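Visitor: Have a look at the structure that comes next, please.
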């Protein structure tokens, strides 16, 4: 894997970083073949990062680090481009960066932390929090804490 920069937003993100970095509090991969990989699933992960310390979600990458071409989604690709506006409340600071790696289109969602607000899903008001390398749905008591 190359060490060429993939991201213009975050210079730490190289092809090697995306493929080899272990998922953690600040980095998550989501691939096309994963169960329930719908725009709402990506939104849930982003909400968890917003309510924690921010980070980067690489969509179009399998857990093993292989790149997958998001163009396979065809007309459905725009749902992933607009999911931040369609599913996350209140308005947040997430930058979507489209990148080409090994001939594959991937999305990098750059999530800025925001300690002033609590973020949830627009459609069902569910709240998530990223803890280590997992996303946890919070109940009412968890939200209060």
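Read-outs: derived from the displayed coordinates by stated rules, not from any lab. None of these values were measured; they are calculated from a predicted model. Here the Cβ positions follow ideal geometry from the backbone for every residue, glycine too, while neighbour counts run over all protein chains shown.
Visitor: Only Cα pairs within less than 10 Å get springs; with that Gaussian network setup on the chain, which residue of 88, 37, 47 has the largest fluctuation?
Guide: 37
Visitor: Would you calculate a helix-derived [θ] at 222 nm for the chain, using -39,500 (n - 2.57) for each DSSP H run of n ≥ 4 and dividing by the full residue count, to the nearest 500?
Guide: Mean residue ellipticity, 222 nm, calculated: -5500 deg cm²/dmol.
Visitor: Antiparallel DSSP bridges in segment 15-138: what percent, to the nearest 5?
Guide: That works out to approximately 85 percent antiparallel.
Visitor: Please work out the Cα center distance from segment 105-121 to segment 6-36, rounded to the nearest Å.
Guide: One Cα centre to the other: 15 Å.
Visitor: Now for a separate question. Simple spin-label model, 7 Å along Cα-to-Cβ: residue 139 to residue 77 in nm?
Guide: 4.3
Visitor: Next question, about the same structure. Treating the angle as unsigned and between 0 and 90°, give the value, to the nearest 10°, between the Cα long axis of helix 39-50 and the longest Cα principal axis of the chain.
Guide: 70
Visitor: Could you work out how much longer the chain between residue 63 and residue 9 gets when fully extended? Use 0.36 nm per residue separation minus the Cα distance between them, nm to one decimal.
Guide: Contour length minus the Cα-Cα distance gives 17.2 nm.
Visitor: Turning to a different aspect of this structure: What full-extension length gain, to one decimal in nm, is calculated for residue 114 and residue 98 as 0.36 nm per residue of separation minus the Cα-Cα distance?
Guide: That pair, residue 114 and residue 98, stretches by 3.4 nm at full extension.
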